[in-house]
Structures are given as C-alpha cells and as structure tokens.
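The values are calculated or read from the model by the stated rules, or taken from the named source; none is laboratory data. Keep in mind it's a predicted model, so treat the numbers as computed, not measured. Virtual Cβ from ideal backbone geometry, glycine too; neighbours counted across all protein chains shown.
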C-alpha cells in the first residue's frame with residue numbers, strides 16, 4: 001500500500017518536472033504570442049503543483065490543516081498537511097493571473113497595430129523599423 | 001514611525017490617481033508630493049539605521065519573525081533605499097515635464113509609484129517569499145511602463161518580450177523557494193541563515209542557487225538573458241529607462257548579494273559562475289555599444305556592461321567586494337540617470353533618439369551637451385568623478401582573484417569610452433537634418449534636474465573616501481555579519 005503511494009508520488013513529481021520543462025520549451029519555441037502565454041501558464045501551474053506537493057505528507061489518515069477537537073493534538077500534528085505552501089501558491093496564482101492579463105493585452109494591442117501575433121512577422125517589420133526609423 | 005510603512009506610501013498614493021488621471025498638473029504635483037514624502041521617510045530610515053547597532057525589524061501584524069512576514073532594514077538596505085527614493089523623486093518631476101506632450105501621462109505616474117513601492121520593498125524585505133512578491137510587483141509595473149507608448153508596435157513587442165521573460169524568471173525563483181522550504185522548513189531570511197549555519201549545506205541549496213541565478217540572469221540582463229533589454233529600452237519613455245537602468249536591474253544583483261553575503265554567508269563555491277557570466281556580459285555590452293545607431297540602445301548596452309561588472313564583483317566573496325558592489329550600484333544609478341535625463345532633453349527637442357537625427361544638436365544645447373559629456377566621463381571612469389572610485393574598488397576586489405579579471409574592467413572601459421567619444425563628436429560636429437530648423441532650445445526644468453545630478457556626480461566623487469569610510473564600509477561590514485542579522489530578527 002505504502003510502496004504504491006510512494007511510487008505514485010514520485011511519478012507525479014517527475015511528470016510535473018517534465019511539464020515545467022515542456023512549458024519553458026514552449027515559451028521559447030512557439031512563435032505565436034498567445035501560445036507563448038499558454039505555455040507560460042502550463043509552466044507556472046506545474047511549479048504551483050510541485051509546491052503543493054512539498055506540503056503533502058505520505059501518512060494515513062491525512063487531515064486538513066484545520067485543528068478539530070475530536071482529533072487528538074498529537075495525531076493532528078503527525079497527520080496534517082502543511083498549510084504554508086498552499087498559502088504561498090494562492091498568492092502565486094493571483095499574481096500569475098495579473099501577469100496573464102497584462103501579457104494578453106500586449107498581444108491584442110500588437111494584433112491591432114500589425115494584424116499578427118506571430119513574433120517572426122513582428123520581428124521582420126520591427127527589425128527594419130528599429131534599424132531605419134519608422 | 002515604523003519602517004514597514006515606507007513602501008506602502010507610494011502605493012497608497014498610486015491607487016487614487018485613476019480618479020483624476022486626466023488632470024495633468026494635479027497628477028504631476030500629487031506624484032511629486034508622494035515621492036517627496038517617501039524620500040523624507042527614507043532619509044529618516046537611513047539616519048535611524050546608522051545610529052542603531054542592530055538591523056531594524058518591522059513585524060507585519062505583530063507576528064514575530066519566523067512565523068510572520070518581516071521587513072528587515074540594515075545599513076546596506078537603507079543606503080540603497082535612500083538612493084532609489086531620491087531617484088524616483090527626481091524622475092517624477094522630470095517625467096511630468098517630459099511627457100507633457102503625450103496622452104495619458106497620468107497612467108505613467110501610477111506605474112512609477114507602483115515601481116517605487118516594489119523597489120523599496122525588495123530592498124527592505126527580510127522574507128524570501130515576500131521578495132518574490134516584490135519582484136512580481138516590480139515586474140508588473142516595469143512591463144507596464146515599458147509599454148507606455150501603446151500606439152507604437154515596437155513598444156508593444158518589447159513589453160511583451162520583457163513581460164514573458166520576466167514572468168518565466170520569477171516563476172523559476174518561486175520553484176527555488178520550494179527547494180529551500182523543503183530543505184530548511186522556513187522562508188524567513190534570518191531563520192534560513194540560522195538553520196544554514198547550524199545544519200550546514202544540503203542538496204536543495206544547490207538547486208535554490210541554480211534557479212535564483214537563472215532568475216537574476218534574466219531580470220538583471222546578464223549575458224544569456226540580456227536579449228530583451230535593448231528593445232525594452234528603445235520602446236520605453238526616457239525617464240522610465242532611467243528608472244529601469246538605475247534601480248530595477250540592480251534588484252537582481254542585490255538579491256544575489258543578500259543571499260551570498262548575509263543569508264548563506266561562507267557557503268559560496270559559485271565564484272567561477274559569477275566571474276564567467278560577468279566577464280562575458282561586460283565584453284558583450286561594451287563591444288555592442290560601438291555598433292548602435294540609436295542612443296537609447298547604446299545606453300542599454302552600457303547598462304548591460306555595468307551589470308556585468310557587478311556580477312563579476314559578486315564572484316569575489318570578500319568585504320571589499322560587497323563594499324564595491326554597494327558603492328557601484330549607487331554611483332551607476334546617479335551617473336546613468338544624468339546620462340539618460342540629458343539624453344531625454346535632446347529627445348524632447350528633436351523627437352527621436354537616433355544618432356543621425358540628433359547630429360548637430362549639441363551646438364543648439366551646449367549646457368545639456370556639457371552635462372551629457374560629464375555623465376559619459378563619469379561612466380567611463382575619469383578620476384574626480386564618482387564612478388571612477390567604485391570602478392577602482394571593483395578593480396581592487398578583482399585583483400584579489402586574478403589580474404586578468406581586473407584587466408577586463410580596464411579593456412571594457414576603454415571600449416565604452418570609444419563609443420561615447422564617437423557619439424559626442426556626432427552630437428557636436430555633425431550636420432543633422434533638423435539641426436537648424438524651428439526646434440526649441442534648452443528647457444529650464446530639465447536643466448535644473450540635470451544640474452542637481454551633475455553636482456551629485458562630482459560631489460560623490462570628491463567625497464568618496466569619506467563615504468566609503470562612514471557609509472559603505474560599515475554597511476558592508478554589517479551586511480556580512482550574519483549573527484547580528486539573525487539575533488536582531490529572532491531575538492536569540
């Protein structure tokens with residue numbers, strides 16, 4: 001039972017790290033601005049999940065991090081998950097949403113001005129502008 | 001008064017600007033008042049931190065150090081916060097005059113005040129996770145300020161590029177915090193320091209430093225992560241560039257210095273990484289300065305060059321190195337502000353920052369050209385001016401490692417001097433397309449602010465031995481004393 005749980009936990013961590021690397025790869029290689037933002041989110045969510053797993057403990061039964069009288073104090077301490085990573089992830093999620101809005105706004109504005117969100121097309125136009133002036 | 005309120009001052013002023021954002025004069029006065037109050041508070045904090053032996057601690061909500069979030073201000077933080085608050089005050093006045101032709105300059109001031117809150121918070125915080133929040137606050141305001149000219153495509157592309165790189169970098173720092181929390185079970189810097197010095201190095205720390213350096217490489221524009229910076233500077237308004245160059249890029253360097261010299265002091269085996277990255281950055285920055293046709297881009301590469309110097313100096317883990325880093329951050333910020341704000345005067349009159357459009361502008365605006373020349377001389381390192389002394393300290397610190405590294409500073413300075421001389425010659429002697437047309441001349445508001453900065457450039461240089469003895473020396477000594485740092489916060 002415990003070995004299976006240990007395996008599943010390790011498997012999840014490995015998959016999440018792979019997801020994070022995939023996110024970085026996507027941000028670097030996808031030419032479309034919107035897809036870059038989506039890949040940034042995949043990376044950020046993988047990191048958030050990893051952070052939550054830090055607070056998780058491989059014991060049974062697991063309690064939510066709220067103390068209740070009928071659970072003994074000692075049992076609570078040995079079985080409760082760590083609430084701090086969850087609080088930190090909550091902060092990071094909110095910040096991530098604000099960043100998304102900002103980045104998508106720039107992508108929309110670029111689309112309004114040049115009719116494309118492909119960074120290769122933008123680079124062609126802007127490279128000329130930056131060298132020779134608008 | 002409590003120190004915890006200082007970063008809140010600009011932020012609490014910023015949130016009310018949308019109510020009267022179209023009333024240009026009111027916003028200008030309001031923003032100047034906000035930054036002035038912040039400046040006075042940081043002067044008070046500077047005085048207080050130098051008159052008390054221990055770092056000052058502010059606990060949010062009264063929750064004691066390892067449990068709650070704390071602000072912890074030692075002398076190093078206080079010096080940097082004072083410089084930043086002074087810079088933001090001048091830029092606030094300058095940008096009101098500079099953007100008087102532009103639509104929506106009120107929104108610029110919202111970002112400016114938000115940026116000030118983030119920068120002061122990052123210098124003052126004593127909590128590793130709070131630092132992440134402050135980095136994101138700086139980031140959000142900085143991406144906004146770079147995209148200020150929303151009808152210009154290059155600004156939009158640059159702001160997007162800066163935004164997505166910066167967001168990715170801070171996410172990596174968040175993961176780094178995961179490693180350090182899993183290893184030591186705490187995120188308070190003082191508590192981390194105590195745990196580290198009692199239980200020693202663990203494997204998670206290597207991952208923490210790797211990811212933090214990855215963050216700093218992007219945020220501070222060190223060699224492989226510098227790609228966004230020239231475009232961002234070209235797309236941003238000139239006063240915003242002065243802020244980004246002087247105070248925002250150095251936050252990454254400050255973070256590394258804080259972790260290397262205070263929190264995990266005595267651990268570093270990373271000096272080869274810092275020295276390599278820094279030397280590569282310095283060479284790249286100085287050589288690229290020679291090939292720029294746009295002055296904002298040239299200044300961008302100059303910033304990259306100076307970030308390279310700071311990164312190299314971090315590789316020397318000695319007290320002299322920390323002193324050199326702190327003094328150079330201050331000197332670079334003042335001199336670079338003078339360079340950019342004089343450039344801003346040219347841009348305001350000529351309407352472009354391209355060298356061929358500015359050719360011959362020097363004769364039209366001799367006083368500004370003189371101050372521009374003074375700033376370039378200071379940045380190159382001409383003796384009585386301020387950057388010379390911090391470059392000399394950097395040189396001395398690098399000599400402790402190897403003469404070859406110290407020689408990098410000399411070579412890159414010479415290359416940068418060549419680039420500046422080329423620009424000055426074109427400014428003074430060139431025959432521009434619009435040099436003799438209907439354009440205006442000097443603007444008094446700009447000249448006054450630039451003269452203040454010029455006086456500082458000379459004064460910091462002349463007073464350098466005094467400042468090093470009484471301000472930067474004690475600041476570096478206190479920052480490296482982790483026992484004091486721990487006992488001030490935890491009361492043990």
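Within the range B:135-146, can one find any residue that is free of Cβ contacts under 8 Å to residues at least 24 places away in the same chain, within 11 Å of chain A (Cβ to nearest Cβ), surrounded by fewer than 22 Cβ atoms within 10 Å (Cβ to Cβ) and under 16 Å from the mean Cα position of the chain (by Cα)?
Step one: filter the range B:135-146 for residues free of Cβ contacts under 8 Å to residues at least 24 places away in the same chain, giving B:137, B:143.
From the residues that got through so far, the ones that are within 11 Å of chain A (Cβ to nearest Cβ) too are B:137, B:143.
Still in the list and also surrounded by fewer than 22 Cβ atoms within 10 Å (Cβ to Cβ): B:137.
Now narrow it down to the ones that are under 16 Å from the mean Cα position of the chain (by Cα): B:137.
Among the residues of the range B:135-146, at least one is free of Cβ contacts under 8 Å to residues at least 24 places away in the same chain, within 11 Å of chain A (Cβ to nearest Cβ), surrounded by fewer than 22 Cβ atoms within 10 Å (Cβ to Cβ) and under 16 Å from the mean Cα position of the chain (by Cα), which makes the answer yes.
Going through A:21, A:59, A:14, A:27 one at a time, which residue ends up being assigned to a helix (DSSP H, G or I) and either touching a helix residue (DSSP H, G or I) at 6+ places or on another chain (Cβ under 6 Å) or closer than 17 Å to residue A:100 by Cα (or both)?
Numbers: A:21 fails: either touching a helix residue (DSSP H, G or I) at 6+ places or on another chain (Cβ under 6 Å) or closer than 17 Å to residue A:100 by Cα (or both); A:59 fails: assigned to a helix (DSSP H, G or I); A:14 fails: either touching a helix residue (DSSP H, G or I) at 6+ places or on another chain (Cβ under 6 Å) or closer than 17 Å to residue A:100 by Cα (or both).
After applying the criteria, what remains is A:27.
Taking residue B:57 as the residue in question, decide whether it is within 25 Å of residue B:487 (Cα to Cα) and buried (at least 24 other Cβ atoms within 10 Å of the Cβ). Don't jump to the end; show me each part of the working.
Numbers: within 25 Å of residue B:487 (Cα to Cα): yes; buried (at least 24 other Cβ atoms within 10 Å of the Cβ): no.
When the stated conditions are applied, residue B:57 does not pass them.
Which count do you get for residues in the range A:72-96 that are touching a helix residue (DSSP H, G or I) at 6+ places or on another chain (Cβ under 8 Å) and more than 10 Å from chain B (Cβ to nearest Cβ)?
At the first step, the residues of the range A:72-96 found to be touching a helix residue (DSSP H, G or I) at 6+ places or on another chain (Cβ under 8 Å) are A:81-86, A:88-89, A:91-93, A:95-96.
Imposing the further condition that a residue be more than 10 Å from chain B (Cβ to nearest Cβ) reduces the set to A:81, A:83, A:86, A:93.
Summing the residues that are touching a helix residue (DSSP H, G or I) at 6+ places or on another chain (Cβ under 8 Å) and more than 10 Å from chain B (Cβ to nearest Cβ) in the range A:72-96 gives 4.
Answer yes if at least one residue in the range B:409-427 is surrounded by fewer than 21 Cβ atoms within 10 Å (Cβ to Cβ), touching a residue at least 60 places away in the same chain (Cβ under 8 Å), outside any helix (DSSP H, G or I) and over 23 Å from the mean Cα position of the chain (by Cα), and no otherwise.
No - not one qualifying residue is present in the range B:409-427.
From B:297, B:354, which residue is touching a strand residue (DSSP E or B) at 6+ places or on another chain (Cβ under 7 Å), within 14 Å of chain A (Cβ to nearest Cβ) and touching a residue at least 12 places away in the same chain (Cβ under 8 Å)? Before you say what the answer is, go through the steps one by one.
Working: B:297 fails: touching a strand residue (DSSP E or B) at 6+ places or on another chain (Cβ under 7 Å).
The unique qualifying residue is B:354.
Give me the residue from the range A:112-134 that is in a helix (DSSP H, G or I) and touching a residue at least 40 places away in the same chain (Cβ under 8 Å) and, out of that set, nearest to the other protein chains (Cβ to nearest Cβ).
The first filter runs over the range A:112-134 and keeps only residues in a helix (DSSP H, G or I), leaving A:112-114, A:119-132.
Applying the additional criterion that residues be touching a residue at least 40 places away in the same chain (Cβ under 8 Å) yields A:119-120.
On the way: A:119: 7, A:120: 12 Å.
Residue satisfying both the conditions and the ranking: A:119.
Considering every residue within the range A:67-78, establish whether at least one is closer than 30 Å to residue B:158 by Cβ, out of contact with any strand residue (DSSP E or B) (no Cβ under 9 Å at 6 or more places or on another chain) and in a helix (DSSP H, G or I).
As a first pass, look at the range A:67-78 and keep what is closer than 30 Å to residue B:158 by Cβ: none.
The answer is no, given that none of the residues of the range A:67-78 is closer than 30 Å to residue B:158 by Cβ, out of contact with any strand residue (DSSP E or B) (no Cβ under 9 Å at 6 or more places or on another chain) and in a helix (DSSP H, G or I).
Residues to consider are A:89, A:93; find the one that is touching a residue at least 40 places away in the same chain (Cβ under 8 Å), surrounded by fewer than 17 Cβ atoms within 10 Å (Cβ to Cβ) and within 23 Å of the chain's Cα centre (by Cα). Reasoning before the result, please.
On the way: A:89 fails: surrounded by fewer than 17 Cβ atoms within 10 Å (Cβ to Cβ).
Among A:89, A:93, only A:93 is touching a residue at least 40 places away in the same chain (Cβ under 8 Å), surrounded by fewer than 17 Cβ atoms within 10 Å (Cβ to Cβ) and within 23 Å of the chain's Cα centre (by Cα).
Being buried (at least 21 other Cβ atoms within 10 Å of the Cβ), within 12 Å of chain A (Cβ to nearest Cβ) and at pLDDT 90 or above narrows it down to one residue among B:238, B:218; which is it?
Numbers: B:238 fails: within 12 Å of chain A (Cβ to nearest Cβ).
Criteria check complete, one pass: B:218.
For residues in the range B:188-209 being surrounded by fewer than 21 Cβ atoms within 10 Å (Cβ to Cβ) and in contact (Cβ under 8 Å) with a residue 60 or more places away in the chain, which is nearest to the other protein chains (Cβ to nearest Cβ)? Give the derivation first.
Looking only at the range B:188-209, we keep the residues that are surrounded by fewer than 21 Cβ atoms within 10 Å (Cβ to Cβ), and these are B:195, B:197-207.
Within this subset, residues satisfying the condition of being in contact (Cβ under 8 Å) with a residue 60 or more places away in the chain are B:197, B:201, B:205.
Numbers: B:197: 22, B:201: 19, B:205: 15 Å.
That would be B:205.
Quick check, is residue B:124 buried (at least 23 other Cβ atoms within 10 Å of the Cβ) and more than 10 Å from every other protein chain (Cβ to nearest Cβ)?
Working: buried (at least 23 other Cβ atoms within 10 Å of the Cβ): yes; more than 10 Å from every other protein chain (Cβ to nearest Cβ): yes.
Against the criterion (buried (at least 23 other Cβ atoms within 10 Å of the Cβ) and more than 10 Å from every other protein chain (Cβ to nearest Cβ)), residue B:124 qualifies.
Yes/no per residue for (1) within 14 Å of chain A (Cβ to nearest Cβ); (2) modelled with pLDDT of 90 or more; (3) surrounded by fewer than 24 Cβ atoms within 10 Å (Cβ to Cβ):
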| residue | (1), (2), (3) |
| --- | --- |
| B:106 | no, no, yes |
| B:112 | no, yes, no |
| B:152 | yes, no, yes |
| B:158 | yes, yes, no |
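Those residues that are more than 9 Å from chain B (Cβ to nearest Cβ) and either in contact (Cβ under 8 Å) with a residue 40 or more places away in the chain or closer than 21 Å to residue A:64 by Cβ (or both), I need them from the range A:97-110; list them, please.
A:104, the sole residue that qualifies.
At pLDDT 90 or above, under 21 Å from the mean Cα position of the chain (by Cα), within 14 Å of chain A (Cβ to nearest Cβ) and over 20 Å from residue B:284 (Cα atoms): does that describe residue B:163? Write out each step before concluding.
Values: at pLDDT 90 or above: yes; under 21 Å from the mean Cα position of the chain (by Cα): yes; within 14 Å of chain A (Cβ to nearest Cβ): yes; over 20 Å from residue B:284 (Cα atoms): yes.
Against the criterion (at pLDDT 90 or above, under 21 Å from the mean Cα position of the chain (by Cα), within 14 Å of chain A (Cβ to nearest Cβ) and over 20 Å from residue B:284 (Cα atoms)), residue B:163 qualifies.
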